[in-house]
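The values are calculated or read from the model by the stated rules, or taken from the named source; none is laboratory data. Just so it is clear, the model here is predicted, and its values are computed rather than measured. Here the Cβ positions follow ideal geometry from the backbone for every residue, glycine too, while neighbour counts run over all protein chains shown.
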Amino acid sequence: MRVVLATGNAGKVREFADLLAPAGFEFVTQATFGIEPPEETGHTFLDNALLKARYAASRSGLPAMADDSGLEVDALQGAPGVYSARYAGPQASDADNVDKLLKALADVPQRARSARFRCVIALVMRADDPAPYIGTGVWEGRILSAPRGTGGFGYDPVFEDPGSARSAAELGAAEKHARSHRGMALAALLAEWQRRR
Ligand code: ITT
């Protein structure tokens, strides 16, 4: 099936290319249609994933899939959460966000640096689809005191995977997919897809 991937994040596009190929989904990015990411006005990952998917479907006339994700840090009462992409400001780069996070946690000891990535993926067949396919995923870990590794994107260099004691940026792509919030969310969505077909 051909779907529009409703994201402007190049890191997500790379991961979806790996994750969707074996499932038989062919995707085109929303940029191909000249679609700009809409303003994310939702208060939950689910609200924003649906908002992005519906917007791309309305502009393209095709089924659309969107991912809303973020990092929840316990010592920061769940921040940056749904605001992860804009944590250091509206135009923040990944490096700006990581820098702000490390500064916010400067006095927090190792044992209190627990955190998790959350991801919600929504697939709509059309803009007003009343029964979207939804998958959710969580990846538990810990925030490191300094960045490590060069892979991945976003907060990966400071997110430690407890199973391997490596940062998410030190994992290979396939290793990350096997553990990640995005890998889990997409597997759940595809399972629902299979059930309902
Ligand atoms: P789109 O909305 O266009 O998809 P975005 O970057 O704004 O792109 P989100 O609103 O979902 O995406 O924000 C998610 C942020 O959370 C993202 O910018 C990353 O900083 C972070 N994030 C999500 N998944 C991540 C991952 O697998 N590794 C590292 N950081 C991640």
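Scan the range 112-137 and report the pairs whose first residue is over 21 Å from Ala85 (Cβ atoms) and whose second residue is assigned to a loop (DSSP other than H, G, I, E, B), with Cβ atoms within less than 6 Å and a gap of 6+ or a chain change.
Val124/Pro132; Met125/Pro63
Kindly indicate whether Lys12 is within 12 Å of the ligand (Cβ to nearest atom) and touching a strand residue (DSSP E or B) at 6+ places or on another chain (Cβ under 8 Å).
For Lys12, the condition - within 12 Å of the ligand (Cβ to nearest atom) and touching a strand residue (DSSP E or B) at 6+ places or on another chain (Cβ under 8 Å) - is met.
Within the range 161-178, can you find the residues that are touching a Leu at 6+ places or on another chain (Cβ under 8 Å) and either modelled with pLDDT under 95 or crowded, with 20+ Cβ neighbours inside 10 Å (or both)?
The answer is Asp161, Ser167.
Kindly provide the set of residues from the range 128-150 that are farther than 21 Å from Asp74 by Cβ and surrounded by 16 or more Cβ atoms within 10 Å (Cβ to Cβ), ordered by number.
Asp129, Pro132, Tyr133, Ile134, Gly135, Gly149
Taking Gly141, is it part of a strand (DSSP E or B) and within 11 Å of the ligand (Cβ to nearest atom)?
Judged against the criteria, Gly141 is a match.
Could you list all residues from the range 95-119 that are over 17 Å from Arg182 (Cβ atoms) and not in a helix (DSSP H, G or I)?
Leu105, Ala106, Asp107, Val108, Pro109, Arg113, Ser114
Find the strands (runs of 3 or more DSSP E) located wholly in the range 1-94 whose residues include 1 or more that are surrounded by 15 or more Cβ atoms within 10 Å (Cβ to Cβ) and in contact (Cβ under 8 Å) with a residue 60 or more places away in the chain, and list them.
Correct list: 2-5, 64-73.
Let's see how each residue does on (1) out of contact with any strand residue (DSSP E or B) (no Cβ under 6 Å at 6 or more places or on another chain); (2) among the basic types (Lys, Arg); (3) in a helix (DSSP H, G or I):
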{"site": "Thr136", "(1), (2), (3)": "no, no, no"}
{"site": "Ser145", "(1), (2), (3)": "yes, no, no"}
{"site": "Gly151", "(1), (2), (3)": "yes, no, no"}
{"site": "Pro157", "(1), (2), (3)": "no, no, yes"}
{"site": "Ala178", "(1), (2), (3)": "yes, no, yes"}
{"site": "Met184", "(1), (2), (3)": "no, no, yes"}
{"site": "Arg195", "(1), (2), (3)": "yes, yes, yes"}
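What do you reckon, is Gly163 without any contact (Cβ under 8 Å) to a residue 24 or more places away in the chain, assigned to a loop (DSSP other than H, G, I, E, B) and not polar (S, T, N, Q)?
Here the answer is yes, as Gly163 does meet what is asked.
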